[in-house]
1. Please specify each residue of the range 93-108 satisfying the condition of being surrounded by fewer than 21 Cβ atoms within 10 Å (Cβ to Cβ) and either modelled with pLDDT of 95 or more or part of a helix (DSSP H, G or I) (or both).
2. Among the candidates Gly76, Gly48, single out the residue that is small (Gly, Ala, Ser), at negative phi and not assigned by TED's automatic domain parsing to the domain that holds Pro158.
3. For the range 57-92, how many residues meet the condition of being under 22 Å from Trp29 (Cβ atoms), out of contact with any Leu (no Cβ under 8 Å at 6 or more places or on another chain) and surrounded by 15 or more Cβ atoms within 10 Å (Cβ to Cβ)?
4. Out of curiosity, is Met133 modelled with pLDDT of 95 or more, in the same structural domain as Gly78 (by TED's automatic domain parsing) and in a strand (DSSP E or B)?
5. Is one or more of the residues making up the range 159-173 within 19 Å of Trp29 (Cβ to Cβ), modelled with pLDDT of 95 or more and assigned to a loop (DSSP other than H, G, I, E, B)?
6. Could you tell me whether any residue of the range 68-81 is in a strand (DSSP E or B) and under 11 Å from the mean Cα position of the chain (by Cα)?
7. Looking only at the range 16-34, filter to residues that are more than 11 Å from Phe47 (Cβ to Cβ) and among the aliphatic types (A, V, I, L, M); which one of those is surrounded by the most Cβ atoms within 10 Å (Cβ to Cβ)?
Amino acid sequence: MTLSSEFFMEIKKGTWTVKSTEIKYKNLWIEVREDKVIRPDGKDGIFGVVTMNSGVSVLPYDEEGNVYLTEEYHYGVGRVTIEVVSGAIDGDESALDAAKRELREEAGLSATEWIDFASLDPFTTVVVSPNHMYLARGLSIGESEQEGTETIKMKKVPFPQALEWAMNGTISHGASVAVILKTALFLGENQKSNQTN
């Protein structure tokens, strides 16, 4: 669907001007849009934007200092990856409710304590897909409810191992690396705070 200039008012986006926009492709998970623009240098151009469903990434952390990671083949990158529990936010669901659902579905876990690590934009140039990050503690084990597209194996590892994997590239999923590093900072700050009290 193209919004032509007769029905589309030019829109300023920072130093860019959007003259028209056209949805090139859309499915349940992504939308690909092409904008005809006036670039910051005043020349005409095009700009493509991919919009994906917002998501959540959760690091389950138990009382012994272990974390629960997923190991799964991911079609997009064409290989098995190790990640934190992650998934899309459904409809009007809140980010926290999505995080709780994904933790239950993928790992069969529930948590009594949720630390919100804010959200990140994984690729700000051409992708709109905010990802909300959480540390989940006070874990209880139940049964997983994986979707038909998921063949997830859970890995329980000491947190320092997950941190090493985030640092050496074994874990390459951006939001997973971010939530693991934020957890390391959070735990370090809490430890400092407890030592001064």
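1. Let us first name the residues in the range 93-108 that are surrounded by fewer than 21 Cβ atoms within 10 Å (Cβ to Cβ), namely 93-97, 100-101, 104-105, 108.
Scanning the range 93-108 gives Glu93, Ser94, Ala95, Leu96, Asp97, Lys100, Arg101, Arg104, Glu105.
2. Values: Gly76 fails: not assigned by TED's automatic domain parsing to the domain that holds Pro158.
On inspection, the qualifying residue turns out to be Gly48.
3. Qualifying residue count for the region: 8.
4. Numbers: modelled with pLDDT of 95 or more: yes; in the same structural domain as Gly78 (by TED's automatic domain parsing): yes; in a strand (DSSP E or B): yes.
Against the criterion (modelled with pLDDT of 95 or more, in the same structural domain as Gly78 (by TED's automatic domain parsing) and in a strand (DSSP E or B)), Met133 qualifies.
5. Residues of the range 159-173 within 19 Å of Trp29 (Cβ to Cβ): 173.
Those left that are additionally modelled with pLDDT of 95 or more: 173.
If we keep only those that are assigned to a loop (DSSP other than H, G, I, E, B) too, we end up with 173.
Yes - at least one qualifying residue is present in the range 159-173.
6. Pass one, the range 68-81, residues in a strand (DSSP E or B): 68-74, 79-81.
Then keep just the ones that are under 11 Å from the mean Cα position of the chain (by Cα); that gives none.
Within the range 68-81 (the criterion being in a strand (DSSP E or B) and under 11 Å from the mean Cα position of the chain (by Cα)), the answer is no, since none of the residues qualifies.
7. Looking at residues that are more than 11 Å from Phe47 (Cβ to Cβ) and among the aliphatic types (A, V, I, L, M), I get Val32.
Conditions tested, residue by residue: (1) touching a residue at least 12 places away in the same chain (Cβ under 8 Å); (2) closer than 22 Å to Ala166 by Cβ; (3) in contact with a helix residue (DSSP H, G or I) (Cβ under 9 Å, 6 or more places away or on another chain).
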| site | (1), (2), (3) |
| --- | --- |
| Arg39 | yes, no, no |
| Val56 | yes, yes, yes |
| Asp62 | yes, yes, no |
| Asn66 | yes, yes, yes |
| Asp97 | no, no, no |
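The values are calculated or read from the model by the stated rules, or taken from the named source; none is laboratory data. Because the structure is predicted, anything quoted here is derived from the model rather than measured. Using ideal geometry, Cβ is built from the backbone for each residue, glycine included, and neighbour counts are taken over all protein chains shown.
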